[in-house]
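Engineer: Structure in structure tokens, see below.
The values are calculated or read from the model by the stated rules, or taken from the named source; none is laboratory data. Model, not experiment: these values are computed from the prediction. Cβ placement follows ideal geometry from the backbone for every residue including glycine, while neighbour counts extend to all protein chains displayed. These area figures cover heavy atoms from the full protein model, side chains too; ligands, DNA and RNA do not enter into them. Shrake-Rupley method; radii C 1.70, N 1.55, O 1.52, S 1.80 Å.
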Amino acid sequence: MGRIAAVLVYALRDRQVLLLRRNKQPNLGLWIAPGGKIENDESPHEAARRELAEETGLTAVDLTWRGLCTEVSPLPDWQWLLFIYVTRQFSGDLRPDLREGELAWVDLDTYFHDLPIPEADRIFAPRILETDTGMFEAKFVYDATLTLVEWVVY
């Protein structure tokens, strides 16, 4: 199996971020940004707009590409290329897709320090959300139990 291309979309308002508490794998029970796999006929930008709408009911008015993360492991089904977007302007009414999980607006400090989130997110999210300068790029390496063992920020 090849690398899976996916998107994450951080919707921001004031000092809050919209997060999804996953009720299925991957990341069961953890808080993450809405997102998902890129379809064969989509660009990452198009996938980010679609995933945000499907999982939250919101339509991104602006969408800024802020990060690119590669996640690798010895497992054939855990090879990810993540395109990470941020939107500060969106329209629509919040309407969660309960198949994916519950939604909540969370204070950034709580997100960065107190919520159960994937280990890699704890590393890249502050760098992506706390600054508008430059693109963030990193590689995250996991072992066969999907424990993060190494990362490189470029």
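Engineer: Just the residues that are among the small types (Gly, Ala, Ser) and assigned to a strand (DSSP E or B), please, taken from the range 128-144.
Structural biologist: Of the residues in the range 128-144, the ones among the small types (Gly, Ala, Ser) are 134, 138, 144.
Scanning the range 128-144 gives a single hit, Ala138.
Engineer: How about the range 116-127: which of its residues are open to solvent by less than 70 Å² (accessible area, probe 1.4 Å) and either without any contact (Cβ under 8 Å) to a residue 24 or more places away in the chain or part of a strand (DSSP E or B) (or both)?
Structural biologist: Answer for the range 116-127, where residues must be open to solvent by less than 70 Å² (accessible area, probe 1.4 Å) and either without any contact (Cβ under 8 Å) to a residue 24 or more places away in the chain or part of a strand (DSSP E or B) (or both): just Pro126.
Engineer: Then there's this: Of all residues in the range 81-115, how many are outside any loop (DSSP other than H, G, I, E, B) and free of Cβ contacts under 8 Å to residues at least 60 places away in the same chain?
Structural biologist: Adding up the residues that qualify gives 4.
Engineer: Across the range 64-93, what is the number of residues that are crowded, with 19+ Cβ neighbours inside 10 Å and under 22 Å from Pro118 (Cβ atoms)? Outline the logic, then answer.
Structural biologist: Step one: list which residues in the range 64-93 are crowded, with 19+ Cβ neighbours inside 10 Å, which gives 66-67, 69, 71, 73, 80, 82-87, 90.
Now narrow it down to the ones that are under 22 Å from Pro118 (Cβ atoms): 66-67, 69, 71, 73, 80, 82-87.
Summing the residues that are crowded, with 19+ Cβ neighbours inside 10 Å and under 22 Å from Pro118 (Cβ atoms) in the range 64-93 gives 12.
Engineer: Considering only the range 42-58, I want to know if a residue exists there that is touching a residue at least 40 places away in the same chain (Cβ under 8 Å) and touching a helix residue (DSSP H, G or I) at 6+ places or on another chain (Cβ under 8 Å).
Structural biologist: Taking every residue of the range 42-58 in turn, at least one turns out to be touching a residue at least 40 places away in the same chain (Cβ under 8 Å) and touching a helix residue (DSSP H, G or I) at 6+ places or on another chain (Cβ under 8 Å).
Engineer: Out of all the residues in the range 31-55, which are among the polar types (S, T, N, Q) and surrounded by 17 or more Cβ atoms within 10 Å (Cβ to Cβ)?
Structural biologist: none
Engineer: To continue, here is another question. So, in the range 1-25, of the ones that are farther than 25 Å from Asp107 by Cβ and out of contact with any strand residue (DSSP E or B) (no Cβ under 7 Å at 6 or more places or on another chain), which residue ends up most open to solvent (accessible area, probe 1.4 Å)? Give the steps one after another, and end with the answer.
Structural biologist: Going through the range 1-25, the residues farther than 25 Å from Asp107 by Cβ turn out to be 1-6, 24-25.
After this cut, where a residue has to be out of contact with any strand residue (DSSP E or B) (no Cβ under 7 Å at 6 or more places or on another chain) as well, the list is 1-2, 24-25.
Numbers: Met1: 167, Gly2: 48, Lys24: 82, Gln25: 129 Å².
Ranking the candidates gives Met1 first.
Engineer: Read through the list (1) of a type in the set (Asp, Glu); (2) at pLDDT below 95; (3) more than 18 Å from Arg22 (Cα to Cα); (4) not in a loop (DSSP other than H, G, I, E, B), then give the number of the only condition that Glu150 fails.
Structural biologist: Of everything listed in (1) of a type in the set (Asp, Glu); (2) at pLDDT below 95; (3) more than 18 Å from Arg22 (Cα to Cα); (4) not in a loop (DSSP other than H, G, I, E, B), Glu150 misses just condition (2).
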